[in-house]
C-alpha cells in the first residue's frame with residue numbers, strides 16, 4: 001500500500017478510525033474526513049502514533065450538507081490529483097426526524113446522499129488512479145426507499161428511515177458498478193456486521209437493549225471489523241469484484257440486487273437532488 005491514497009469518511013471514531021489506522025499501518029497515505037476539528041485532530045494524532053506513519057491528512061466536512069461535500073471535494077482535488085480508495089463510512093442514526101439547512105432528512109443526507117455526491121465528484125480522481133476502488137459501508141437492508149417520500153415528510157419512522165438509507169447505499173453500489181464497468185474502478189458495499197459503536201444510541205429503548213445484548217454476545221470491536229474492510233480495499237482477492245456486498249472476506253447475498261428499475265430510478269432522483277448529470 002505504499003504511496004496508495006485512501007480517503008475515509010467518518011474517520012474520527014468507530015469503524016472509520018479503525019480502518020484509517022489499519023490502512024496507515026499498511027503504508028497508505030490516508031485522508032481522514034471528520035465533522036469536528038478537535039475530534040479529528042485527536043484521532044489523527046492517535047492514528048499517526050499507532051501506525052508509525054506520518055502520511056495522514058485531515059479534512060473537515062459534514063456529509064449531511066451538500067455544500068460541505070462540494071467543499072470537501074474541491075479541497076481534495078486541489079491537493080491530490082488521484083485517489084486509489086474511497087471508503088464511504090460516515091453514518092448517523094436519529095431517533096426523531098430532523099432536517100438539514102438544505103431541507104434534507106438527516107439520515108438520508110448523511111448516510112446516502114452526501115456519499116453519493118462525494119463519490120460522483122471524485123470519479124475523475126478515481127479514474128486517474130485506476131485500478132481503484134470505491135467501498136460503501138452499509139448493511140443488508142431490505143427496506144425499499146420510498147422514492148415519493150425520501151425526506152419522510154409524509155410518514156416517518158426512525159428505524160425505517162435508517163434502513164432505507166442503508167438500502168439506498170446498496171442500490172447506489174449496484175448502479176454505479178454497472179456504469180463504471182470496464183473503466184478500472186470497482187464499486188462494492190461492505191457489511192461490517194455487529195460492531196460495538198455508539199451509532200444506535202438514539203434508537204428506541206427496546207432496540208438499544210436488544211442490540212446491546214447482541215453486541216455483548218456476538219459484536220466485534222471496530223478494530224476487528226476493520227480487518228475485512230481493509231482487505232476489501234487492498235487485497236488482490238477483490239481486484240475484479242464489483243457490484244457486490246461483502247462481509248468479512250466473502251461476497252454475500254445482496255438485497256435488491258436484481259431490482260434494476262429501482263436502482264435506476266433512485267440514481268435519477270439522486271442526480272436531480274444533488275445537481276449532477278445522470279451520465280458519468
Handout entry: Sole exception among (1) at pLDDT 95 or above; (2) on the phi < 0 side of the Ramachandran plot; (3) touching a helix residue (DSSP H, G or I) at 6+ places or on another chain (Cβ under 8 Å) for residue 78, by number
Key = (3)
Exercise for the section: Please specify each residue of the stretch 1-29 satisfying the condition of being farther than 19 Å from residue 91 by Cβ and touching a strand residue (DSSP E or B) at 6+ places or on another chain (Cβ under 6 Å). Expected result: 5, 24, 28, 29
Problem - Qualifying positions in the stretch 42-73 - loosely packed, with under 15 Cβ neighbours inside 10 Å and either more than 22 Å from residue 23 (Cβ to Cβ) or in contact with a strand residue (DSSP E or B) (Cβ under 8 Å, 6 or more places away or on another chain) (or both) - result: 67
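Give the number of residues within the stretch 27-41 that are crowded, with 17+ Cβ neighbours inside 10 Å and either at pLDDT below 95 or part of a loop (DSSP other than H, G, I, E, B) (or both).
First, pick out the residues of the stretch 27-41 that are crowded, with 17+ Cβ neighbours inside 10 Å: 28-35, 40.
Subsequent filtering for residues that are either at pLDDT below 95 or part of a loop (DSSP other than H, G, I, E, B) (or both) retains 28, 35.
Of the residues in that region, 2 qualify.
Scanning the stretch 151-179 for residues that are in a loop (DSSP other than H, G, I, E, B) and touching a helix residue (DSSP H, G or I) at 6+ places or on another chain (Cβ under 8 Å), which turns out surrounded by the fewest Cβ atoms within 10 Å (Cβ to Cβ)? Spell out the reasoning first.
Pass one, the stretch 151-179, residues in a loop (DSSP other than H, G, I, E, B): 151-157.
If we keep only those that are touching a helix residue (DSSP H, G or I) at 6+ places or on another chain (Cβ under 8 Å) too, we end up with 151-152.
Numbers: 151: 18, 152: 20.
The qualifying residue surrounded by the fewest Cβ atoms within 10 Å (Cβ to Cβ) is 151.
The values are calculated or read from the model by the stated rules, or taken from the named source; none is laboratory data. In this text the structure is predicted, and so the values were computed from the model without any measurement. Here the Cβ is made from the backbone with ideal geometry for all residues, glycine too, and neighbour counts use every protein chain on show.
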